[in-house]
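A quick write-up on the structure given underneath.
The values are calculated or read from the model by the stated rules, or taken from the named source; none is laboratory data. Remember, it's a predicted structure, so these values are computed and weren't measured experimentally. Cβ placement follows ideal geometry from the backbone for every residue including glycine, while neighbour counts extend to all protein chains displayed. These area figures cover heavy atoms from the full protein model, side chains too; ligands, DNA and RNA do not enter into them. Shrake-Rupley method; radii C 1.70, N 1.55, O 1.52, S 1.80 Å.
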Amino acid sequence: MQTEQYNRGASSAFHLAEELRENGIDNPEVLKAIAEIPREWFVPEGFRARAYDNEALPIDCGQTISQPYTVARMTQLLNPFQGMKVLEIGTGSGYQAAVLSAIGCRVWSIERVPDLLQTARHRLEKHGFHVATRLGDGTVGWSEYAPYDGIIVTAGAPKIPSPFVSQLSIGGRLVIPVGEKATQQLFVVTRIDEEDYEVEEHGEFRFVPLIGKRGWEE
Ligand code: SAM
């Protein structure tokens, strides 16, 4: 029964990856991870029937699991590689962290909501994803393990928190939505050297707010 369920999930995940390919996602490692990970593992029971729809879904505590297209696009923008050190801000359901881990990244992830972190930790461990997690305000980064080759922020910031930039390695990439509470522009900041950064803009997205010392007020 469990195997049948897994096969159904895997086949639906494969179709989801095909849909994302048709929508312009072309990084093979990203598509492979999406095709292999049953998204239903990360979705509350009442929404499992919609787990392979290309849409954001509610999780607990008023938060969301991001739309698969958004997860794929942000992961692709990181230029992920085997052994890459990635810091994720906003563990949420754990799905984004699982995708990065499946690609071979070493992942550190911070979540501010205790119940979400507990559920995500349990899921990630149960399904064999090795992700270091921490409860706290991710807007200050995680200096203990810095520098990171990539930082991915899965909640919308009013401006770029300076610790994210200072915790990037030379050549490292920060992927972050910045803007108003309702809509944001997706930015990629690449650290060129100690002082220089290159900034690219990648269109409009909608995220829940990044709440914290260097984000929105609660
Ligand atoms: N990456 C998640 C996933 O795969 O399900 C998406 C989660 S949701 C779009 C954004 C998450 O960011 C929420 O779980 C929210 O609680 C969290 N968040 C918001 N502000 C935060 C902060 N300052 N530090 C850590 N997490 C934060």
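For the reader, a short list of remarks on this structure follows.
- Residues located in the range 68-99, provided they are assigned to a loop (DSSP other than H, G, I, E, B) and either of a type outside the set (Phe, Trp, Tyr) or within 16 Å of residue 16 (Cβ to Cβ) (or both): 78, 79, 80, 82, 83, 84, 90, 91, 92, 93, 94
- Of all residues in the range 90-109, those that are more than 19 Å from residue 61 (Cβ to Cβ) have Cβ atoms under 7 Å from Cβ atoms of residues that are among the basic types (Lys, Arg) and away from the ligand (no atom under 11 Å from the Cβ), 6 or more apart or on another chain, in 106/85.
- Considered as a group, the residues in the range 49-88 that are within 15 Å of the ligand (Cβ to nearest atom) and of a type in the set (Lys, Arg) include one that is most open to solvent (accessible area, probe 1.4 Å), and that residue is 50.
- Test set (1) open to solvent by 10 Å² or more (accessible area, probe 1.4 Å); (2) out of contact with any Leu (no Cβ under 9 Å at 6 or more places or on another chain); (3) not β-branched (Val, Ile, Thr) - residue 38 fails condition number: (1)
- Residues located in the range 26-48, provided they are more than 16 Å from the ligand (Cβ to nearest atom) and assigned to a loop (DSSP other than H, G, I, E, B): 26, 27
- Criterion (closer than 25 Å to residue 69 by Cβ and not hydroxyl-bearing (Ser, Thr, Tyr)) met by exactly one of 152, 170, 192: 152
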